[in-house]
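A quick write-up on the structure given underneath.
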Amino acid sequence: MLRIRRFEETASDLFQRGLVKGTAHSYAGQEAIASGTCANLKRLDYIGSYHRGHGHCIAKGAAMERMMAELMGKATGSCGGLGGSMHVADLDLHIIGANGIVGATMPLGTGAALAAKLQGTDRIAVAFFGDGAANQGVFHEALNLASVWTLPMLFICENNQYALSTAYRQATSVAQIACRAAAYSVPGCTIDGNDVVEVHDVVGRAVEQIRMGSGPILIEAMTWRSGAHSMRTNLRDPRTDAEMANWRENDPIRRLERRLLLREEAMMVARIEEIRAAVEAEIQAALDFAARSPAPSPAILESAVYAPHQPHREPTERGMRELSYVEALNEALHQEMARDPEVILLGEDIAETGGIFQVTAGLAGRFGPERVRDTPISEATFCGTGVGAAIAGLRPVVEVQIFDFVTQMMDMIVNQAAKFRFMNGGIATVPVVIRGPQGGGIRLAAQHSQSLEAWFAHIPGLVVIAPSTPYDAKGLLAAAIRDDNPVIFLEHKMLYLGQRAAVPAESYAIPIGKADVKCVGEDVTILATQAMVERSLSAARILKREGISVEVVDPRTIRPLDEETILASVRKTNRLLIVHEACQTGGFGAEVAAMVMEKAFDWLDAPVTRLAARDVPMPFNDELENAVIPSQAAIVAAVRSIVGRN
């Protein structure tokens, strides 16, 4: 507790002196919870924290030298200076990190707990969170999921009774957060979070039960933060002087010292002073280490974003056997699950039902319910569980039933999966695949028909794959599962209904970031994605009869983008038409157009042209839907215009 207190006091002083920048959230006043909890944990147990996370890391054994360097943004910091106070972590100690997003540690923790269970260990996962997070949807979703799956998970709510400035009693509908546990058949209790002995004993019993397979437990520890919400906050402190005085009297360090001094006083006074002196020496050593450490070089930035992609060699022959797009995806999943026992599937109705488009049919029967898991309808948390399980060593494939529902998962994808490696100094891997059907064409209207690839292509840390053929679907899904980065894998609903095509029976993977020239031509390049590839090929056959030679390039991977293949084609044909189903404004095509204008302008004989969906939500009426999505006729007309035949 003294280590934590002095670390926080020192961090506050450094912030006032301008040596800790940005902000930091002090754990001072809450030390008994982290100390009493982590004293019951093993090195390989997982903990996840929140923005007030210094204390949890120190209590789990993280080196204060590296933590101090991290707060000061140094290269020797625990995250290489890329994470800072709100993201301190130590993956070697299974500290999966503090988190700047309220409540996020709970879905991630369920994933770590799932990994611990499936790997047959006695490890547990602990999610620390504040009282404010108990009003987030992921709190309820994670409790429910952990209960349904009997996960080895300990939820610890550090109820310091205020969010930034709003009192807990003003924002929470129940008298105690622990009351909510009963709704999910989870044991819950409220304890004095400033009494380290009570914390230690109650948590110890809970940990023992969880290790024996009882499932999750919720402990609410009532406590008090000594200072303001953050070191940067210049807002009023809503707490009264009387409240402050009462809690200062109940300071956890003072309480423990009083308890110790009831024993042999002279011996205890000497021992307490000995501890204080030792802690001061540790703090000074941490300060000296951080002060002499270098700042990180800008050269680390790009290399910290992505883990290297594995090299793959495509088959030279595809054979005569034909599969549908759905069958190809299904075969890839079968082969990858047989190849690697760490591959698991999570999603709604994917087990016995096989998914609403039958992509996962037969997998539950072959690999069992432990590895093919139907989830509750709680997208944020089962996606976060996949991310947490990936951090903990599994290779989850998360199905989004309809890709529009990914809006419920955006925090877990954008703020967690995409940034985790970077925030941890470029050393972590997050091998999770998030896959499912997008696009229109089957009359599902505005909330089930969007094409959202541009959202994800914009986010550093994500790989975005969009195969257009059964052959590409099988090989790229295998590559996605084997990749050590979070992958968004987009499957177009119309392709589920498309023609069968040659697919090799053996397992194979296609290199990520390698485009494919689907049709060779001389007069104009069409860059097309997903369902637009086949329409572009049909248009090319019509145009060939008119003497117009069209080259069709399918990027296959949208991020990373194979610029070399695209530019080589444009330099040959001197013209480019970009065709995609997503709305034109802000679409992926604009990025390609800008890239070509910057790198191949001198080769262009006509302006780069985009053909995309109209900037409207997808209508239900079939004729209107057809009017929104680019058609074969529209592609033909656009090419004629580019080459001057209109």
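The values are calculated or read from the model by the stated rules, or taken from the named source; none is laboratory data. Everything numeric here is computed off the predicted structure, so don't read it as measured data. A quick note on method: Cβ atoms are made from the backbone with ideal geometry, for glycine too, and the neighbour counts reach across all protein chains shown. Each accessible area value is taken on the protein alone, full model and side chains, heavy atoms only, with ligands, DNA and RNA left out. Shrake-Rupley method; radii C 1.70, N 1.55, O 1.52, S 1.80 Å.
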TODO: Check whether at least one residue in region 452-463 is touching a Leu at 6+ places or on another chain (Cβ under 7 Å) and at negative phi, and report yes or no.
DONE: yes
- [ ] Within region 517-527, identify whether any single residue is hydrophobic (A, V, I, L, M, F, W, C) and in contact with a Pro (Cβ under 9 Å, 6 or more places away or on another chain), and answer yes or no.
- [x] yes
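Give 8, 70 a once-over and let me know the one that is free of Cβ contacts under 8 Å to residues at least 40 places away in the same chain and either open to solvent by less than 40 Å² (accessible area, probe 1.4 Å) or among the polar types (S, T, N, Q) (or both).
Residue meeting the stated conditions: 70.
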Open item on the list: If residue 235 satisfies all but one of (1) out of contact with any helix residue (DSSP H, G or I) (no Cβ under 9 Å at 6 or more places or on another chain); (2) open to solvent by less than 10 Å² (accessible area, probe 1.4 Å); (3) not in a helix (DSSP H, G or I), what's the number of the condition it fails?
Closed with: (2)
TODO: Give the residue that is nearest to the chain's Cα centre (by Cα), with candidates limited to residues of region 407-421 that are hydrophobic (A, V, I, L, M, F, W, C) and buried (at least 22 other Cβ atoms within 10 Å of the Cβ).
DONE: 417
- [ ] State all residues of region 343-386 that are in a loop (DSSP other than H, G, I, E, B), buried (at least 19 other Cβ atoms within 10 Å of the Cβ), in contact (Cβ under 8 Å) with a residue 40 or more places away in the chain and not aromatic (Phe, Trp, Tyr); if no residue qualifies, say none.
- [x] 348, 350, 355, 359, 371, 375, 378
Open item on the list: Any residue that is closer than 16 Å to residue 452 by Cα and under 20 Å from the mean Cα position of the chain (by Cα) - is there at least one of those in region 392-399?
Closed with: yes
TODO: Could you tell me whether residue 495 is open to solvent by 10 Å² or more (accessible area, probe 1.4 Å), aliphatic (A, V, I, L, M), in contact (Cβ under 8 Å) with a residue 24 or more places away in the chain and more than 23 Å from residue 388 (Cβ to Cβ)?
DONE: yes
- [ ] Answer yes or no: is there a residue in region 569-583 that is hydrophobic (A, V, I, L, M, F, W, C) and open to solvent by 60 Å² or more (accessible area, probe 1.4 Å).
- [x] no
- [ ] Quickly run through region 591-632 and pick out the residues that are in contact (Cβ under 8 Å) with a residue 60 or more places away in the chain and among the small types (Gly, Ala, Ser).
- [x] 613, 631
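Residue by residue, here is whether (1) of a type in the set (A, V, I, L, M); (2) assigned to a helix (DSSP H, G or I); (3) open to solvent by less than 70 Å² (accessible area, probe 1.4 Å) holds:
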| residue | (1), (2), (3) |
| --- | --- |
| 256 | yes, yes, yes |
| 259 | no, yes, no |
| 263 | no, no, no |
| 268 | yes, yes, yes |
| 271 | no, yes, no |
| 283 | yes, yes, yes |
| 287 | yes, yes, yes |
| 295 | yes, no, no |
| 301 | yes, yes, no |
TODO: Mind listing whichever residues of region 614-632 are hydrophobic (A, V, I, L, M, F, W, C), part of a loop (DSSP other than H, G, I, E, B) and open to solvent by less than 90 Å² (accessible area, probe 1.4 Å)?
DONE: 616, 618, 629
- [ ] State yes or no: is residue 566 surrounded by 21 or more Cβ atoms within 10 Å (Cβ to Cβ), within 25 Å of residue 450 (Cα to Cα) and not acidic (Asp, Glu)?
- [x] no
TODO: Could you grab me the full set of residues in region 308-330 that are open to solvent by less than 40 Å² (accessible area, probe 1.4 Å) and either assigned to a helix (DSSP H, G or I) or closer than 27 Å to residue 120 by Cα (or both)?
DONE: 325, 326, 328, 329, 330
TODO: Evaluate the following for residue 209: is it out of contact with any helix residue (DSSP H, G or I) (no Cβ under 8 Å at 6 or more places or on another chain), farther than 17 Å from residue 380 by Cβ and open to solvent by 10 Å² or more (accessible area, probe 1.4 Å)?
DONE: yes
Task: One residue from 611, 577, 537 being modelled with pLDDT of 95 or more, under 26 Å from residue 443 (Cα atoms) and assigned to a strand (DSSP E or B) - done: 611
Task: Whichever residue in region 218-232 is outside any strand (DSSP E or B) and of a type outside the set (A, V, I, L, M, F, W, C) and, among such residues, is surrounded by the fewest Cβ atoms within 10 Å (Cβ to Cβ) - done: 232
TODO: Just one of (1) among the charged types (D, E, K, R); (2) closer than 20 Å to residue 212 by Cα; (3) open to solvent by 50 Å² or more (accessible area, probe 1.4 Å) trips up residue 123, so point out which.
DONE: (3)
Task: Looking only at region 148-171, and only at residues there that are touching a strand residue (DSSP E or B) at 6+ places or on another chain (Cβ under 9 Å) and polar (S, T, N, Q), the one that is modelled with the highest pLDDT - done: 159
Task: Verdict on residue 91 being closer than 25 Å to residue 394 by Cβ, open to solvent by less than 20 Å² (accessible area, probe 1.4 Å), under 22 Å from the mean Cα position of the chain (by Cα) and not basic (Lys, Arg) - done: no
Open item on the list: Quick check on my filter: what residues within region 584-598 are out of contact with any Asp or Glu (no Cβ under 7 Å at 6 or more places or on another chain) and either open to solvent by 60 Å² or more (accessible area, probe 1.4 Å) or part of a loop (DSSP other than H, G, I, E, B) (or both)?
Closed with: 586, 587, 591, 597, 598
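Going by the conditions given, is residue 198 surrounded by 22 or more Cβ atoms within 10 Å (Cβ to Cβ), of a type outside the set (A, V, I, L, M, F, W, C) and at pLDDT 95 or above? Step through it out loud before you land on a result.
Working: surrounded by 22 or more Cβ atoms within 10 Å (Cβ to Cβ): no; of a type outside the set (A, V, I, L, M, F, W, C): yes; at pLDDT 95 or above: yes.
So residue 198 fails the test.
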- [ ] Output the residues belonging to region 68-81 that are of a type outside the set (D, E, K, R) and out of contact with any helix residue (DSSP H, G or I) (no Cβ under 6 Å at 6 or more places or on another chain).
- [x] 73, 75, 80, 81
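A quick yes/no check of all residues on (1) closer than 17 Å to residue 227 by Cα; (2) out of contact with any Lys or Arg (no Cβ under 7 Å at 6 or more places or on another chain); (3) open to solvent by 10 Å² or more (accessible area, probe 1.4 Å):
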{"site": "18", "(1), (2), (3)": "no, yes, yes"}
{"site": "23", "(1), (2), (3)": "yes, no, yes"}
{"site": "27", "(1), (2), (3)": "yes, no, no"}
{"site": "31", "(1), (2), (3)": "yes, no, no"}
{"site": "35", "(1), (2), (3)": "no, yes, yes"}
{"site": "53", "(1), (2), (3)": "yes, yes, no"}
{"site": "59", "(1), (2), (3)": "no, yes, yes"}
{"site": "63", "(1), (2), (3)": "no, yes, yes"}
Open item on the list: I'd like to check which helices (runs of 4 or more DSSP H) are fully inside region 406-522 and have at least 2 residues that are over 27 Å from residue 96 (Cα atoms).
Closed with: 453-457, 470-482, 493-496
- [ ] Please work out if residue 214 is hydroxyl-bearing (Ser, Thr, Tyr), part of a loop (DSSP other than H, G, I, E, B) and surrounded by 15 or more Cβ atoms within 10 Å (Cβ to Cβ).
- [x] no
Task: Single condition residue 173 does not satisfy, out of (1) touching a residue at least 40 places away in the same chain (Cβ under 8 Å); (2) more than 22 Å from the chain's Cα centre (by Cα) - done: (1)
